[in-house]
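**Q** Quick one: the structure is below, questions incoming.
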Amino acid sequence: MFHVKQLIKFCFLYFGLNASGQSIILFKDVPLPKHEANNEVVLKWNKNQPGLNELSAIEQQFYYWVNYSRKYPSQFFDSIVTPLANIYSQLKGSNYKSLEADLKNAGSISLLDLNSVLSQMAAYQAKDITTNNASPSHTSTNGETFVDRFKQFGFKNCGGENISYGASNATPIFMLVMLYLDINVPDLGHRKALLNPNYTSTGISVYAYKNGNIFLVEDFACAQN
């Protein structure tokens with residue numbers, strides 16, 4: 001079972017690898033480009049997913065851009081990643097170049113179904129971590145791992161999990177781009193999960209800490225036999 005273990009921690013002011021607290025990157029607190037979620041193919045797909053209206057606005061936006069990036073990876077790089085990198089020049093490193101190659105060569109990948117059970121699983125982790133004011137982690141405060149939760153919620157075969165932590169003003173697009181860039185994540189685990197053609201469904205949950213910072217959990221699963 002594939003499990004994305006790395007953790008990205010970011011907001012408009014910094015980005016770092018939480019596991020060691022290293023590689024802090026400062027960002028200017030400037031207005032970010034606004035992008036309309038208006039692609040009819042992705043919108044139609046998402047609107048037909050049971051449980052879409054149960055997601056919060058930020059969860060729905062994140063789901064849209066995940067599917068858009070899979071359906072149109074090259075356009076996503078040109079219209080979303082590049083404008084952000086033009087604002088934050090420190091993003092234009094080796095990971096930026098490798099992401100350009102990966103997205104340009106990916107081709108269209110199947111859109112992800114929204115799975116209500118996966119969303120419940122993601123919410124279970126997001127709520128547990130934030131309610132207990134714990135550090136962002138794939139491990140629940142009771143010691144359960146992603147694999148434990150995956151089995152507990154009735155899944156088998158392959159699956160994965162991405163987690164993000166950011167300030168209250170972090171936008172879904174910014175969060176997603178940072179996951180794709182995977183700066184200082186040697187195996188590019190978040191990117192691989194997002195572009196994994198074997199994943200057919202996803203669940204998303206965002207919870208806030210008492211200080212307003214947000215914790216996002218996205219779970220993935222392959223087709224279940």
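**Q** Could you give the length gained by full extension between ASP78 and SER94, i.e. 0.36 nm per residue of separation minus their alpha carbon distance, to one decimal place?
**A** 4.1 nm
**Q** Also, quick follow-up: Checking the a/c ratio against 1.5 first, then a/b against b/c, what shape does the Cα gyration tensor give for the range 80-225?
**A** Here the range 80-225 falls in the oblate category.
**Q** At 1.4 Å probe size, what's the solvent-accessible area of TYR209? Round to the nearest 10 Å².
**A** 20
**Q** Name the residue farthest towards the positive end of the dipole of the chain from the options ILE183, ASN198, PHE215, assuming +1 on Cβ of Lys and Arg, -1 on Cβ of Asp and Glu, about the Cα centre.
**A** Farthest along the dipole direction, towards plus: ILE183.
**Q** Find out how many positive minus negative residues lie around GLU218, taking Lys and Arg as positive, Asp and Glu as negative, among other residues whose Cβ is under 12 Å from that of GLU218.
**A** Neighbourhood net charge equals -3.
**Q** Along Cα→Cβ, 7 Å out, is where each label goes; now give me the distance between the ones at LYS156 and ASN211 in nm to one decimal.
**A** Calculated label separation equals 4.3 nm.
**Q** Within the range 185-225, report the trypsin sites (Lys or Arg not before Pro) that DSSP leaves as loop and that have at most 13 other Cβ atoms within 10 Å.
**A** Taking the range 185-225 and a limit of 13 other Cβ atoms within 10 Å, the loop trypsin sites (Lys or Arg not before Pro) found are LYS210.
**Q** Next question, about the same structure. Over 31 Å between Cα atoms, which of LYS44/LYS156; LYS47/LYS192; LYS34/LYS71; LYS92/LYS156 qualify?
**A** Long pairs (Cα-Cα over 31 Å): LYS92/LYS156.
**Q** Taking the dipole about the Cα centre of the range 81-169, with the C-beta of Lys and Arg at +1 and of Asp and Glu at -1, give me whichever of THR141, SER119, ALA167 is farthest to the positive side.
**A** The Cα lying farthest towards the positive end belongs to ALA167.
**Q** Percent of Cα-Cα pairs more than 19 Å apart in the range 26-114, please. Walk me through the numbers before you get to the answer.
**A** Values: 1832 of 3916 pairs.
Of the Cα pairs, 47 percent sit more than 19 Å apart.
**Q** Charges on Cβ only, +1 for Lys and Arg, -1 for Asp and Glu, centred on the Cα centroid of the chain; of TRP45, TRP65, ILE129, which one is farthest towards the dipole's positive end?
**A** The residue sitting farthest along the positive end of the dipole is TRP65.
**Q** Express the accessible area of the chain per residue in Å², computed with a 1.4 Å probe while the remaining protein chains stay in the model.
**A** Computed with neighbouring chains in place, this is 45 Å² per residue.
**Q** At 7 Å along Cα-to-Cβ for each site, give me the label-to-label distance between ASN169 and ASP148 in nm.
**A** 3.8
**Q** Using a Gaussian network model on the chain with a 10 Å cutoff between Cα atoms, which of PRO73, PRO31, PRO136 fluctuates the most?
**A** PRO31
The values are calculated or read from the model by the stated rules, or taken from the named source; none is laboratory data. Since we're looking at a predicted model, the values are computed, not measured. So basically every Cβ, Gly included, is an ideal-geometry build from the backbone, and we count neighbours across all protein chains shown. To get the accessible areas, we keep the full protein, side chains included, count just its heavy atoms, and leave off ligands, DNA and RNA. Shrake-Rupley method; radii C 1.70, N 1.55, O 1.52, S 1.80 Å.
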